[in-house]
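Please see the structure below; I have some questions.
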Amino acid sequence: MNTFSALFLGTGTSVGVPVIGCKCKVCTSKNPKNNRLRSSIVFKSKNTTLLIDSGPDLRQQALRSNLTHIDAVLYTHCHLDHVAGFDELRAFCWNREDELPLFGNPETLAALERMHPWAFNSSVTHRGYIRPSKRPISKQFKIGDFNITSLAVEHGTVETHGYLLELPDSKKVAYISDLKSVKEESIEDLQNVDCLIIDGLRYADQPHPTHMSVEEACALGEKVSAKQVILTHLSHEVEHEEVNERTAAHISPAYDGLELNF
Ligand SMILES: [Zn+2]
Ligand SMILES: [Zn+2]
Ligand SMILES: [Zn+2]
C-alpha cells in the first residue's frame, strides 16, 4: 500500500488564536495546542510536496516546520486567510527553473492575478518575483503523485473547494477547511473516506452562516462513514482538550504541527 503524510501548518480560523486583545481561556491557554495560525496544510508523498493555500502566516509556518521546497500550491478559495501569504511563495521560486504551478478554481486564480498583477505579467522576468503557472482545476486531476478529486462546497458567496487526495492503492484523505455544507454532487465522493479533515469552527450553540460547527462536522463524518475525522479551522471558542472530550473516539481536533501518516 502506498503512503503519504499530512503536516498541519495552521489550524485556526481567519483571525488566528489567540485573537488580538482577547483574554478568554483559550486565547490565554498555556497549552500550545490552543495556539493556531491560519489554516494551511502540506501533503507529502515520495515525489510530491503539495502546499494547500498560502495564508498570511506562511512565512512563519515554513520556518518553524522547515518547509523549504514545494512542488505546487492548491487553493481552496480566495478568502484572505488562505491567500494573503502569496508573496511568501517567492522563496520557493528562487531555486527552481520552471514556474510554480498554482491550482485552484477559476475565481480564486482570477483573484490572485488581480491582487498580484506583477507576478502574473510574463514580460516581467525579475528573478525575485514569483513565477506562477495558473492551473484551473477540473473534477479530477493529478498533481505529481496525487490523484485529486475536487469537492464543491457551500461557503457563503465565494467559489470554494475541498479536495480528496489519494495515491494509487493508498488511503483516501479529504481536506475541506471552509464550508457550511458539501454540495450534493460531492457527497458521493466522500463515502467511506479514511480521514476527513474538516471545518469545525465552533460549537452549534453559536451557529455561523458560512462555517460548519463541530456538531455539523461530526454529522457529516457520520453521513459519509468517515473512519477518522480531524477538525480544523478552529476558533477561540474551541478548547483543544474540551473538544476531544465532547466528541467520539475517532474524532479529534487538529493542532499546529500535527503530522499524520496515511
Ligand atoms: Zn478560512
Ligand atoms: Zn479568545
Ligand atoms: Zn473562507
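Report Rg(Cα)/(2.2 N^0.38 Å) for segment 5-58, keeping two decimals.
Here the answer is 1.33, to two decimals.
On to the next question. Please give the FRET efficiency for S122 paired with S5, using the beta carbon to beta carbon distance and R0 = 35 Å, rounded to the nearest 0.05.
Once rounded, the FRET efficiency stands at 0.50.
Right, something else. If you rank Y163, Y255 by fewest surrounding Cβ atoms within 10 Å, what's the result?
Going from least to most buried by this count: Y255, Y163.
Could you compute the FRET efficiency for E215 and E99, with r as their C-beta to C-beta distance and R0 at 45 Å, rounded to 0.05?
0.60
Percent of Cα-Cα pairs more than 27 Å apart in the chain, please.
When every Cα pair of the chain is considered, 33 percent fall beyond 27 Å.
Moving on to the next point. Fully extended, how many nm does the chain gain between E154 and K183 (0.36 nm per residue separation, minus their Cα-Cα distance)?
Gain on extension, E154 to K183, equals 9.8 nm.
Given the alpha-carbon gyration tensor of segment 83-191, what are the semi-axes of its equivalent ellipsoid in whole angstrom, ordered largest first, with each equal to the square root of 5 times an eigenvalue?
Output for segment 83-191: semi-axes of 29, 18, 10 Å.
Something else about it: Can you give the % of DSSP beta bridges in the chain that are antiparallel, to the nearest 5? Don't skip to the end; give the middle numbers.
Numbers: 29 of 54 bridges.
Within the chain, antiparallel bridges account for around 55 percent of the total.
With a Förster radius of 25 Å, plug the Cβ-Cβ distance of N31 and A249 into 1/(1 + (r/R0)^6) and report the FRET value to the nearest 0.05.
0.80
Sequence neighbours fewer than 8 away in the same chain don't count; with that in mind, list the aspartates and glutamates whose C-alpha is under 17 Å from K171.
D145, E188, D189, D194, E259
Relative contact order for the chain: what is it in percent, counting Cα pairs under 8 Å that are at least 6 residues apart?
After rounding, I find 20 percent.
Where a number appears in this text, it was derived from the coordinates with a stated rule and is not lab data. Please read all numbers here as calculations on a predicted model, not as lab measurements. With ideal geometry, Cβ positions are generated from the backbone for all residues, glycine too; neighbour counts draw on all protein chains shown.
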